[in-house]
Structure formats: C-alpha cells, structure tokens
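Student: The structure that follows is given in the form of structure tokens.
The values are calculated or read from the model by the stated rules, or taken from the named source; none is laboratory data. Since we're looking at a predicted model, the values are computed, not measured. Using ideal geometry, Cβ is built from the backbone for each residue, glycine included, and neighbour counts are taken over all protein chains shown.
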Amino acid sequence: MRLNVSTDLTLQCPQPCPTVAVLRPRSGQAQWVISDRYEISPWQPATEYEDAFGNLCQRFTVPAGQTRISVCSEVETEDTLAVDMDAPRTPVDQVPDAALVYLLQSRYCPSDKMEEHARRAVGNAASGYAEVEAIRRWIHENHEYRYGVSGESTDALETMAARAGVCRDFAHIGVALCRSLHIPARVVVGYLHELDPMDLHAWFEAYVGGRWYTFDATQEQPRGGRVVLAYGRDIADVAFLSNYGEMKIDAMTVKVDRA
C-alpha cells in the first residue's frame, strides 16, 4: 500500500523556543519512504540526528510569533499486518541487545507492578504471540476509548483503574503487561490509514518468535496501512514536539490518503 501522509502545524511562541520534532518517517523493514518534504515557515536553520531508539529527530529554534511546520511523505507500507498465533515467546537470553531496554519498566509503563494483572489477562493462552494477542483483546474489551479521562502524565495502572483512555493509554497498558511477563514491548507512534477521527496514532509492538509484531488495542482486528514515525519505551520517548520554552499549538491537521 502506497500512502501520502502529512502533518501541518501552526505554532505560536512569545519568544524563541528551542524545539525537537519527530515528524519524519524513515525507511525500515516495514516501510519504505519514497519521497518527503519538510518545510518550516518562516525558515529556520535545522539539524537532524538519530536518537537512542533510531528515530529521526529534527532540531531547530521556533522564532517568536507564528510558525508553520509542514511535513509530507509518500511511503510504501504493508497492506496487512503479520499474524502468527504459533510464534513462541523469545527466551530472554535470545533477545537482541537492542531490544533489552524494552523489558524494563518505564515512567508510564510500571511493569514491575503489573504481573498479576497480566496473568489474569492472558488466561490459558499459549506462550508467545497468543499471550500478547490475549492482552490486546483484553484491553480492547475492557476499556472504553474516550477523550478527557487521561492526561500526559497518566500511566498504565491509572488507565486500567479508569477503564478508559485514548490510543497512547491503551498502548501503555499493552506494553506494561507484556514486559511484566518478560516479553519485550515498545510504544509506536505514526499514521493509520482510515483512522477515524484522523490524527497521529499510537499502538504497540511485542518481540516474540524472533521478530517484532504489531498490536493495536483500539482496533477490532489487525489493520495494515501504518506508517511509523517513532519507537520508544513509552510516550515520553516519542513526542512529536518537545519544546523547551512557552509554545502554543494553534492548529494541527493530519492527513493519510492512498497515493
């Protein structure tokens, strides 16, 4: 599936504001970036670097006043998600070095406190992919997708207590429950074709059967048409804007269309 994806932001700053953005997808195993365009108006000098998780980060200073950031990419991505109910759990001693960090508890995924919850969620599911799918299904069936019940500092345990949240909250629960069972898991942010309402989206991946698989507790069934922007331990690692000064987002438009 070939997709045109874009994010258009209008920002207001009372004074120059150092900023790091994660708005540009990169080519990888699951996607190939055919072309992209990154525009800052009024133009500001910018640099790009790769963070500890392999994400492309753009660093610049947003000037005082109004600034528009527009990022457009054409990406070839998978039509369908890989599914393998027989994929076994990967023993920890065989987990790749780069994935070990995704076994640790993090700020919004307190997995060290969640093993009992995880064992109830997986029930009698076979070890591996089937366990993660049981977790995904349990989140979907027992939590309401609802705005206004969580904030930027809400963690997985708080979302479970509220039984409601948005995509980032569902992803945090999935990640935390997987890690509590010693299954590496990471939060993913990006685009999803035909998401309603359209916005940047979050889901999670788990490392089983010697590879990463995608899981999305906001959806009834596995859905392809995803473009990844960033991976991280939790949402704190994958913020699309990190501003180090006062900043207001006046407008934000996200689009995903078939190319």
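Student: Can you say whether Tyr231 is farther than 20 Å from Tyr49 by Cβ, surrounded by 15 or more Cβ atoms within 10 Å (Cβ to Cβ) and of a type in the set (Ser, Thr, Tyr), as far as the supplied structure shows? Give the derivation first.
Tutor: On the way: farther than 20 Å from Tyr49 by Cβ: no; surrounded by 15 or more Cβ atoms within 10 Å (Cβ to Cβ): yes; of a type in the set (Ser, Thr, Tyr): yes.
So Tyr231 does not fit the description; no.
Student: Take segment 21-41 and flag every residue that is β-branched (Val, Ile, Thr) and outside any strand (DSSP E or B).
Tutor: Looking only at segment 21-41, we keep the residues that are β-branched (Val, Ile, Thr), and these are 22, 33-34, 40.
Val22 - this is the single residue of segment 21-41 that is β-branched (Val, Ile, Thr) and outside any strand (DSSP E or B).
Student: Also, quick follow-up: Could you grab me the full set of residues in segment 227-259 that are under 21 Å from Thr77 (Cα atoms), part of a strand (DSSP E or B) and in contact with an Asp or Glu (Cβ under 6 Å, 6 or more places away or on another chain)? Outline the logic, then answer.
Tutor: Our first condition is that a residue be under 21 Å from Thr77 (Cα atoms); within segment 227-259, this holds for 227-232, 238, 240, 254-259.
Remaining after also requiring part of a strand (DSSP E or B): 227-232, 254-258.
Val254 - this is the single residue of segment 227-259 that is under 21 Å from Thr77 (Cα atoms), part of a strand (DSSP E or B) and in contact with an Asp or Glu (Cβ under 6 Å, 6 or more places away or on another chain).
Student: Okay, moving on. Report, by residue number, each residue of segment 151-178 that is modelled with pLDDT under 95 and either more than 15 Å from the chain's Cα centre (by Cα) or surrounded by 23 or more Cβ atoms within 10 Å (Cβ to Cβ) (or both). Before the answer, list the steps.
Tutor: Narrowing segment 151-178 to residues modelled with pLDDT under 95: 151-153.
Within segment 151-178, Gly151, Ser153 qualify.
Student: What's the number of the only condition in (1) under 18 Å from the mean Cα position of the chain (by Cα); (2) not in a helix (DSSP H, G or I) that Ala98 fails to meet?
Tutor: (2)
Student: In this structure, does Ser27 turn out to be free of Cβ contacts under 8 Å to residues at least 12 places away in the same chain, closer than 21 Å to Ala202 by Cα and small (Gly, Ala, Ser)?
Tutor: Working: free of Cβ contacts under 8 Å to residues at least 12 places away in the same chain: yes; closer than 21 Å to Ala202 by Cα: yes; small (Gly, Ala, Ser): yes.
It is true that Ser27 is free of Cβ contacts under 8 Å to residues at least 12 places away in the same chain, closer than 21 Å to Ala202 by Cα and small (Gly, Ala, Ser).
Student: Looking only at segment 183-211, which residues are in contact with a Lys or Arg (Cβ under 9 Å, 6 or more places away or on another chain), surrounded by fewer than 20 Cβ atoms within 10 Å (Cβ to Cβ) and within 24 Å of Gly128 (Cα to Cα)?
Tutor: Answer for segment 183-211, where residues must be in contact with a Lys or Arg (Cβ under 9 Å, 6 or more places away or on another chain), surrounded by fewer than 20 Cβ atoms within 10 Å (Cβ to Cβ) and within 24 Å of Gly128 (Cα to Cα): just Gly209.
Student: With the requirement that a residue be farther than 19 Å from Ala164 by Cα and of a type in the set (D, E, K, R), what does segment 212-232 give you?
Tutor: Hits for segment 212-232 are Arg223, Arg226.
Student: Can you tell me which residue among Gln15, Gln58, Gln66, Gln44 is closer than 18 Å to Thr253 by Cβ and either part of a loop (DSSP other than H, G, I, E, B) or not charged (D, E, K, R) (or both)? Give the steps one after another, and end with the answer.
Tutor: Working: Gln15 fails: closer than 18 Å to Thr253 by Cβ; Gln58 fails: closer than 18 Å to Thr253 by Cβ; Gln44 fails: closer than 18 Å to Thr253 by Cβ.
Only one candidate passes the filter, namely Gln66.
Student: Would you mind stating whether Gly225 is more than 20 Å from Arg146 (Cα to Cα) and either crowded, with 16+ Cβ neighbours inside 10 Å or not basic (Lys, Arg) (or both)? Reasoning before the result, please.
Tutor: Details: more than 20 Å from Arg146 (Cα to Cα): yes; either crowded, with 16+ Cβ neighbours inside 10 Å or not basic (Lys, Arg) (or both): yes.
Taking the combined requirement at face value, the residue satisfies it.
Student: Based on what the data block shows, is Phe204 hydrophobic (A, V, I, L, M, F, W, C), part of a helix (DSSP H, G or I), touching a strand residue (DSSP E or B) at 6+ places or on another chain (Cβ under 9 Å) and closer than 22 Å to Leu81 by Cβ? Break it down stepwise before answering.
Tutor: Details: hydrophobic (A, V, I, L, M, F, W, C): yes; part of a helix (DSSP H, G or I): no; touching a strand residue (DSSP E or B) at 6+ places or on another chain (Cβ under 9 Å): yes; closer than 22 Å to Leu81 by Cβ: yes.
It is false that Phe204 is hydrophobic (A, V, I, L, M, F, W, C), part of a helix (DSSP H, G or I), touching a strand residue (DSSP E or B) at 6+ places or on another chain (Cβ under 9 Å) and closer than 22 Å to Leu81 by Cβ.
Student: Within segment 148-171, which residues are farther than 19 Å from Asp216 by Cβ and assigned to a helix (DSSP H, G or I)?
Tutor: Within segment 148-171, Leu157, Glu158, Ala161, Ala162 meet the criteria.
Student: From the list Trp212, Trp203, exactly one residue is aromatic (Phe, Trp, Tyr), within 9 Å of the chain's Cα centre (by Cα) and at pLDDT 95 or above. Which is it?
Tutor: The conditions single out Trp203.
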